[in-house]
Every structure is written in structure tokens, then in C-alpha cells.
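The values are calculated or read from the model by the stated rules, or taken from the named source; none is laboratory data. As the structure is a computational prediction, the values presented were derived from the model and not from experiment. Every residue, glycine as well, gets a Cβ built from its backbone with ideal geometry; the counts of neighbours run over all protein chains shown. All accessible areas refer to the heavy atoms of the entire protein, side chains included, with ligands and DNA or RNA removed. Shrake-Rupley method; radii C 1.70, N 1.55, O 1.52, S 1.80 Å.
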Amino acid sequence: MSRKVVATPLFVHRLQAFLDEYAQIGAIRFVECMQHSYRGMIENIATFNEIAPARRRRVQGKKITVREYVLDAGARDFLVLYYVPPNASDPVVLLNIRIGGQHHFQWQN
């Protein structure tokens, strides 16, 4: 059984900004490659729970383990930060996305 995947508004905003930026400069093939890689990530993200690099974060006073997924878009990689709840009925939560070479995630719109 595959788990549902939901995205935070921050994740949606950041992903849309990246897609708009590359579509505006005419990188259609890049956007298509990114969409293909994104679909593959959504289908397989729950299976990477044990092997994905992990980070411990404090969210609203609770310590959680968030995972990283490298989204390969051909010319550029993106790093997706996500959380897999311990309860199998809860969905995987996509928290944030950044370009692979950046050092920090942006946590505000």
C-alpha cells in the first residue's frame, strides 16, 4: 500500500517559483525533466524512509526526524525535505525544497 503525499503551502510556493522562473527563460525541457522526476519521487518517497539522509528538527516543541530526497532535474538537482509520520495511515509531508547548491532552506515566502 502506498502512502498519500501532501505538501505544505511553503513547499508549493517554492516549487511554483522554481517552475515559473525556468519556464520564463524558456527551459521547457528542464521543466519537463523536473516534472518527470517529481512524479517518480511522489510514487516512491515512502519507500526511502530508511535509507534517506535524516536530520533532527524541532517543530512546535517536538523533535522529529525529517528526510532528504534529491530530485534530479538533469542540469540541476533539488533537495526536498520531507517528514514520514510513524503511523502508516498518516500521509508523507513535503516540507520544503531548495536548489541543490544552496546552503540553507528558506522558511518564509
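Hey, could you check region 1-43 for residues that are among the polar types (S, T, N, Q) and without any contact (Cβ under 8 Å) to a residue 40 or more places away in the chain and say which is least open to solvent (accessible area, probe 1.4 Å)? Walk me through it before giving the result.
The initial filter retains those residues of region 1-43 that are among the polar types (S, T, N, Q), namely 2, 8, 16, 24, 35, 37.
Remaining after also requiring without any contact (Cβ under 8 Å) to a residue 40 or more places away in the chain: 16, 24, 35, 37.
Numbers: Gln16: 90, Gln24: 158, Gln35: 80, Ser37: 22 Å².
Among residues in region 1-43 that are among the polar types (S, T, N, Q) and without any contact (Cβ under 8 Å) to a residue 40 or more places away in the chain, the one least open to solvent (accessible area, probe 1.4 Å) is Ser37.
Here are some conditions: (1) closer than 18 Å to Pro85 by Cβ; (2) of a type outside the set (Gly, Ala, Ser); (3) open to solvent by 40 Å² or more (accessible area, probe 1.4 Å); (4) in contact with a strand residue (DSSP E or B) (Cβ under 8 Å, 6 or more places away or on another chain). Gln60 meets all but one. Which one does it not meet? Failing condition for Gln60: (4).
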